Amino acid sequence: MSTVSGGPVGVAVVGAGTISSQYLRNLTRFPDLNVVAVADIDQARAAAAAAEHGVPASGGLIEVLALPEVELVVNLTIPAAHAEVALAALAAGKHVYGEKPLALAPESARAVLAEAAGRGLRVGNAPDTFLGAGIQSALRAVASGAIGTPVAATAAFQSPGPESWHPSPEFLFAHGAGPLFDMGPYYLTALAALLGPVTKVAATGHKARAKRVIGSGPKAGTEFPVEVPTHVTALLEFAGGAGATATFSFDSPLVRQTIELTGTEATLLLPDPNNFDGVLKLRSVDAAEAETLPVTGTDVGRGIGVLDMARALRTGQAHRASGELALHVLDVMSAIAASADGQAFEAVPAWADKLEPLPAEWDPFEATL
């Protein structure tokens, strides 16, 4: 059990993979945190990460959870291990902040939250990008009435996929990942912050290729299977009455990361919700061109959700990147996946005709009659 009750919050990072360097770089800089240890199933990797960032201890999960100065565990393991590691940390009396998604399935996520509630512990979860200057400035603009009443949103993440740059991308194409569960949390969390809870969805899902090839690192050239849809399109209805369309794709040569929020008075073009800063633009109904709005707040990067949670532990206030928010986003993603798998749509009477293209030489200014 944790024994520290004041001062900086003692933190252990579990999982020393690719994303851990971003977290460790920031967490070790925040004076309200004391990064005590790094744990990983590969203890040599944990030791290397600890040494690189000046963290005093490293080891396996059980060893690190036994440290009394650890109050908050930052769970950066692969998605398939999120719930298991979170439950182990809670059983050891530690609060938990995890990478997204909270768990592979809503049932597992609910078990984590129930365990935390029963022990009087807290759960936080990524993404914390919505706490960055870009999305927070957008929230302030909406709250000020800049767009009028929100009506609709469009969200899009499109890329060729992470296998070209990630040295071990297989888990990103496995069950519980894909563009929906890997990238969807950034966009759906931002939309929930802007528009409130989602009440219903409909979706389609497609897979461009059954196998992919690792493009970098020691496993370059290795082929691996694709287990999930790699292009998902969803319709979302929000409790407040707004609707949204969202696209999540690892199949597009066109790289696109955007959210547009349309209201009765204006449309707001938000920055990439996977970043903490960016450009925010407003186009009013009667404006000749878009206006660039000021973006203010923190852009320090990953870990500000951990910091906000740690401060909340000391003050007793609610933390913002909460387990409950992460569960709602997981519920939404799971509903999208189920809809895409079942094609749960109303049927439309068939149209048998086929449109023929215009001839390439077709000229509207050439007399033909």
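The values are calculated or read from the model by the stated rules, or taken from the named source; none is laboratory data. For clarity, every value in this text was computed on a predicted model and none was experimentally measured. FYI the Cβ positions are ideal-geometry reconstructions off the backbone, even for glycines, and counts take in every protein chain you see. Please note that ligands, DNA and RNA were not included when accessible areas were found on the heavy atoms of the full protein model with its side chains. Shrake-Rupley method; radii C 1.70, N 1.55, O 1.52, S 1.80 Å.
Would you check which residues across the range 168-214 are among the basic types (Lys, Arg) and in contact with a Gly (Cβ under 6 Å, 6 or more places away or on another chain) and list them? If the condition is that a residue be among the basic types (Lys, Arg) and in contact with a Gly (Cβ under 6 Å, 6 or more places away or on another chain), then no residue fits.
Within the range 164-184, the set of residues being in a loop (DSSP other than H, G, I, E, B), out of contact with any Asp or Glu (no Cβ under 6 Å at 6 or more places or on another chain) and open to solvent by less than 30 Å² (accessible area, probe 1.4 Å) comprises His166, Gly176, Ala177.
Restricting attention to the range 58-87, the residues that are assigned to a strand (DSSP E or B) and open to solvent by less than 20 Å² (accessible area, probe 1.4 Å) total 5. Residues in the range 91-112 that are crowded, with 23+ Cβ neighbours inside 10 Å, under 22 Å from Gly316 (Cα atoms) and over 15 Å from the mean Cα position of the chain (by Cα): Lys94, His95, Val96, Val112. A count restricted to the range 299-342 and to residues that are surrounded by 14 or more Cβ atoms within 10 Å (Cβ to Cβ) and outside any helix (DSSP H, G or I) stands at 9.
Taking the stated definitions as given, is Val55 in contact (Cβ under 8 Å) with a residue 24 or more places away in the chain, farther than 20 Å from Thr189 by Cβ and in a helix (DSSP H, G or I)? The answer is no for Val55. Scanning the range 83-98 finds one or more residues that are out of contact with any Lys or Arg (no Cβ under 9 Å at 6 or more places or on another chain) and under 14 Å from Gly305 (Cα atoms). Looking only at residues of the range 196-210 that are within 30 Å of His328 (Cβ to Cβ) and part of a loop (DSSP other than H, G, I, E, B), we find that the one that is most open to solvent (accessible area, probe 1.4 Å) is Lys207.
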